[in-house]
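> Encoded as C-alpha cells, here's the structure I'll be asking about.
Read the figures in this text as sums done on the coordinates, not as results from a lab. Just so you know, these numbers come straight off a predicted model, no measurement behind them. Note that each Cβ is placed from the backbone with ideal geometry, even for glycine, and that neighbours are counted across all protein chains shown.
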Amino acid sequence: MAEIIQINSNTWRVEDGMVRFFILEGTEKSLVIDTGMNTPDALDIAKSVTSKKIELLNTHADRDHISGNAAFDTIYLSPAEAENYKHAGGNECFIPVKEGDTIDLGERPLKIYDIPGHTPGSIAILDINNRVLIAGDSVQDGNIFMFGQFRNISEYIPSMEKLLTFRDKYDEVYPSHGSFPVNPDIIPKLIEGAKEIQSGRAEGKEIDLFGNKVTLYKFEYAGFFGELK
Ligand SMILES: [Zn+2]
C-alpha cells in the first residue's frame, strides 16, 4: 500500500517501499512525476491530494516508474526514451519534452534538463521557486542501475557534470530511490565513482540481481550496478 507524505504546502511524495514518485501542485494545474512500480492507481492517489487538473511527466521509462501511466491523458516524456518506454511495456502517446523546455504549473515553472546515462531519455526537473532538483534514478544514495540495454556510463558522467553547472539553483535533490532528500554534494561523488568504474579502477563484486549476473560497485555514498567484468 502506497504511503502519501506531504513535503510542503504544494508538494507530496508517494512511497511504495521500492520507489517513490512526486505530486507537484501549481496555481493552474498539478503534475505527477512518475507513477511507481505497483501503483496503477497513481492518478487516483494524486486526486486525493489535489483538485487541480493533473498531468504526468516521467523522469524516464523504466518499469518501476510507469505502472500508473495508462490512466493519464497528458504524459510528458523525452523522445529519446521512446524505445525504452516500449521495451518496458508502455504504449501511451506522449508529449515530447527536452532540454530548455519549461512546464509551468501556474506560478511554479519547472525547467527540463536532459541527463542521459541511466537511460537515453532520462531527464531532471528543476523546480525553480522551491530550489529543488528532481533527478529520477540518476542522483541517489541507493544503487544506480548501469548495466544492460539502454545504460551508458560515458553519457552519465557529462550529464552529472551538467547538473553541477547550475548547482547554485537548488538546495536539495529529490530521488526516486534511497534516502529522501539527498544533498546535492553527492553529485561530485557520483561523478568520481562513475569515472572509477569507467576507467576500470573501481573494485566491484559479482552478484546475482533478478537472475542477472552483474557487478556491484559499492561506495560510501552510493552504489552502481555495472556490467560483469
Ligand atoms: Zn528506478
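> Using 0.36 nm per residue, how much length does the chain from His87 to Glu227 gain when fully extended, once their Cα-Cα distance is taken away? The partial results should precede the final answer.
Values: separation 140, 0.36 × 140 = 50.40 nm, distance 1.95 nm.
My answer for the length gained is 48.4 nm.
> Using 0.36 nm per residue, how much length does the chain from Arg201 to Asn38 gain when fully extended, once their Cα-Cα distance is taken away? List each step's numbers first, then the result.
Details: separation 163, 0.36 × 163 = 58.68 nm, distance 3.71 nm.
Stretched out fully, the Arg201 to Asn38 stretch lengthens by 55.0 nm.
> Rounding to the nearest 20 debye, state how big the charge dipole of the chain is about its Cα centre with +1 on each Lys and Arg Cβ and -1 on each Asp and Glu Cβ.
Working: 23 positive and 36 negative charges, 48 e Å.
With Lys and Arg at +1 and Asp and Glu at -1, about 220 debye.
> Right, something else. Using the structure shown, select from Lys86/Lys162; Lys86/Lys229; Lys29/Lys111 the pairs with a Cα to Cα distance greater than 22 angstrom.
Listed pairs above 22 Å: Lys86/Lys162; Lys86/Lys229.
> Taking the inverse of the average 1/r across all pairs of different Cα atoms in region 3-201, what Kirkwood radius in Å do you get? Walk me through the numbers before you get to the answer.
Numbers: mean 1/r = 0.0602 Å⁻¹.
Result for region 3-201, one decimal place: 16.6 Å.
> Taking a label point 7 Å from the Cα of Lys189 along the Cα→Cβ vector, which residues of region 98-139 have an amide N closer than 14 Å to it?
139
> Between region 80-114 and region 163-196, how far is it from one alpha carbon centroid to the other, in angstrom?
21
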